[in-house]
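The values are calculated or read from the model by the stated rules, or taken from the named source; none is laboratory data. Predicted model only: the values in this text are computed from it and were never measured. Note that we place each Cβ from the backbone using ideal geometry, even for glycine, and neighbour counts take in every protein chain shown. Protein only, heavy atoms only, side chains kept; ligands, DNA and RNA dropped before computing areas. Shrake-Rupley method; radii C 1.70, N 1.55, O 1.52, S 1.80 Å.
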Amino acid sequence: MDLVTAVAAVAIGVALLIWGADLFVDGASSVAKNMRVPPMVIGLTIVSIGTSLPEMIVAAMAAFDGNRDLGIGNAIGSNIANIGLVLGITALIIPLTVKSLTLRREMPVLFLVTALAFALMADGELSFNDGLILIVGLVMLLAWMTRIGMKDRHDPLIEEFTDAIPDNLSMGKSVLFFIVGLVVLIVSSRMVVWGAVDIAHYLGVSDLIIGLTIVAIGTSLPELVASVVSALKGEADLAIGNVIGSNLFNILAVLAMPALIHPGAFAPEALMRDFPIMLGFTFALFVVSFGLKGGKVTRFEGALLGSGFVAYLFLLYLQA
């Protein structure tokens with residue numbers, strides 16, 4: 001396909017990804033709610049996974065096509081975009097105050113998961129066994145989050161999750177939303193991969209760069225919309241929770257896709273340049289969320305995060 005068609009495929013594909021993810025999450029959340037699953041459990045698991053579904057399916061489709069670096073770039077780039085772009089813009093719109101004990105528990109886990117991913121990637125390749133380790137980590141994370149959701153009855157996130165879950169869908173309509181959302185996600189992810197690969201070939205840049213930029217920013221749009229809407233509603237914990245939860249699942253679920261489907265060596269820049277930058281943004285997330293202002297992300301800190309993201313894109317431009 002020519003460049004115009006490729007760009008259109010990515011743009012339309014990303015729009016459909018966002019719509020499909022929204023349908024999927026609404027359907028899955030309503031199914032769980034109709035089965036009397038606690039809102040905290042639904043929010044910590046289904047909703048958090050849903051915000052990473054675009055990245056996960058795009059990475060899987062890219063791996064099936066043999067584009068391992070596109071999926072890896074998508075996982076790392078989305079984590080950077082979630083903190084620099086999503087949290088930065090959200091804090092610029094309205095300062096965020098963190099109250100949830102759950103989020104304070106999740107932050108050290110994010111560091112632990114990031115360290116695990118670095119250890120697995122340190123040899124310059126993602127093997128099938130690495131993918132299995134990541135999936136086991138994902139299962140353990142879900143089990144831990146479910147246990148938290150069952151125990152914590154007074155966390156501020158409970159009310160915010162309850163408001164975010166649709167309450168007027170029957171079981172039949174919930175299942176329909178779930179199925180339609182999944183189909184749309186699969187079809188639209190195929191469009192994004194096809195378009196992104198063709199853009200990379202046309203511009204003469206690597207699949208990794210396209211995954212880190214166009215695809216990562218596109219698939220981070222659901223997190224941006226969700227965080228901004230949550231912040232405007234006064235649900236700061238949910239806004240930051242979207243970022244932390246998505247980053248956890250990006251590492252464990254999204255990075256596992258190329259490892260399981262198309263294992264092998266990846267571009268060394270992903271480990272030497274992009275992973276340390278992702279770790280730096282993760283540390284910045286910890287500092288602004290729980291450090292400098294006692295659990296408040298100010299507009300100035302949001303501007304710093306956004307500026308850091310722009311600087312990262314400029315670095316990629318210079319090197320590409």
Boolean, residue 42 is under 30 Å from residue 170 (Cα atoms) and in contact with a Gly (Cβ under 9 Å, 6 or more places away or on another chain): yes
Checklist (1) surrounded by 14 or more Cβ atoms within 10 Å (Cβ to Cβ); (2) part of a helix (DSSP H, G or I); (3) among the β-branched types (Val, Ile, Thr) applied to residue 205, failing item: (2)
Answer yes or no as to whether residue 226 is open to solvent by 10 Å² or more (accessible area, probe 1.4 Å), part of a helix (DSSP H, G or I), aliphatic (A, V, I, L, M) and in contact with a helix residue (DSSP H, G or I) (Cβ under 9 Å, 6 or more places away or on another chain). yes
Being touching a Leu at 6+ places or on another chain (Cβ under 6 Å) and modelled with pLDDT of 90 or more is the requirement here; does residue 252 meet it? yes
Which pairs do you get when a residue that is touching a residue at least 12 places away in the same chain (Cβ under 8 Å) and polar (S, T, N, Q), found in the range 193-208, comes within reach of a residue that is open to solvent by 30 Å² or more (accessible area, probe 1.4 Å) and not in a helix (DSSP H, G or I), reach meaning Cβ atoms under 9 angstrom, with the pair 6+ apart or on two chains? 206/320
Cβ pairs under 6 Å, 6+ apart, first in the range 4-19 and at negative phi, second among the aromatic types (Phe, Trp, Tyr) and open to solvent by 40 Å² or more (accessible area, probe 1.4 Å): 9/194
Test result for residue 210, within 19 Å of residue 66 (Cα to Cα) and in a helix (DSSP H, G or I): yes
Could you please give the count of residues in the range 125-152 that are within 16 Å of residue 47 (Cβ to Cβ) and not in a helix (DSSP H, G or I)? 1
Which ranges mark the helices (runs of 4 or more DSSP H) fully within the range 1-102 that have 2 or more residues being of a type in the set (Lys, Arg) and open to solvent by 10 Å² or more (accessible area, probe 1.4 Å)? none
Would you check which residues across the range 178-201 are modelled with pLDDT under 85 and open to solvent by 60 Å² or more (accessible area, probe 1.4 Å) and list them? 178, 182, 186, 201
